[in-house]
Amino acid sequence: MSVSARLRTKDFTVAALFAALIAVSAWVSFPLGEVPVTLQTLLVTLAALMLEPVPALAAVGTYILLGAVGLPVFAGGKAGVAVLFGPTGGFLIGFLVGAWLCSLVRLTAARHLSRLTADILGAAVFMIVVYILGVAQLAAVTGMAAGKVLAVAVVPFILGDVLKAAGAVALAGTLRRALRR
């Protein structure tokens with residue numbers, strides 16, 4: 001097996017592990033209105049910071065596919081395609097798009113900036129994408145006005161999500177150092 005084939009196998013094995021961790025993190029959940037608080041944001045951000053864009057996309061895509069086909073891996077033990085089209089489905093789609101963009105931004109920025117700065121920039125892009133897609137779908141599905149959606153789906157979560165993103169950045173740095181040993 002060539003070196004590049006081994007690297008791809010390793011990347012997708014790690015992506016599968018992240019898909020499982022994201023699924024488990026959804027079970028650590030408590031409702032806060034229409035959108036539950038979970039550890040998914042931490043794990044998806046970490047996956048995007050640790051993996052290249054395609055494996056990051058594969059990790060989150062696998063997680064979403066598992067939930068779409070009926071495994072209870074979404075927040076609160078929910079499952080099914082209806083969740084993806086429901087009020088919180090935009091946040092799940094945001095995870096997918098955001099993870100890919102976070103990884104891409106991180107890799108691109110790391111060519112010119114420190115790894116820490118690149119990770120922070122990638123995590124920020126991830127959070128912005130998740131909020132934009134999540135808020136857009138929540139507004140479209142519920143018919144809530146923009147101000148109400150922001151009050152329900154952004155304001156109560158922003159501090160916690162920033163802390164989870166910071167935790168993912170710190171964990172990514174720690175894991176990279178540990179893996180180099």
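All of the numbers you see were taken from the coordinates with simple rules; none came from a lab. Source: prediction; values computed, not measured. We place every Cβ from the backbone using ideal geometry, glycine too, and count neighbours over all the protein chains shown.
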Show me the ranking of peptides 70-80, 170-180 by mean Cβ neighbours inside 10 Å, starting with the highest. 70-80, 170-180
Listed residues Ala23, Phe91, Val81: farthest to the positive end of the dipole of the chain (Cβ charges): Ala23
Run through every distinct alpha carbon pair of the chain and return the Kirkwood hydrodynamic radius in angstroms, one decimal place. 16.4
Please sort through the DSSP H helices of the chain and keep those with an alpha-carbon extent of at least 24 Å along the long axis and a Kyte-Doolittle average not below 0.0. 3-26, 89-109, 115-142, 158-180
Using 0.36 nm per residue, how much length does the chain from Ser114 to Leu17 gain when fully extended, once their Cα-Cα distance is taken away? 32.2 nm
By count of other Cβ within 10 Å, fewest leading, how are Ile128, Ile22, Ile93 ordered? Ile128, Ile93, Ile22
If you add up the charges near His112, with Lys and Arg at +1 and Asp and Glu at -1, over every other residue whose beta carbon is less than 15 angstrom from its beta carbon, what do you get? +2
What percent do you get for the relative contact order of the chain when only Cα pairs under 8 Å and 6+ apart count? 23
Amide hydrogen neighbours beyond the local backbone of Leu71, cut-off 5 Å, H modeled: Gly80
To make sure I understand, if each residue's beta carbon is the centre and we count other beta carbons within 10 Å, what order do Ile132, Ile120 fall in, fewest to most? Ile132, Ile120
About the Cα centre, and with charges only on the beta carbon of Lys, Arg (+1) and Asp, Glu (-1), how big is the dipole of segment 3-180? Nearest 20 debye, please. 560
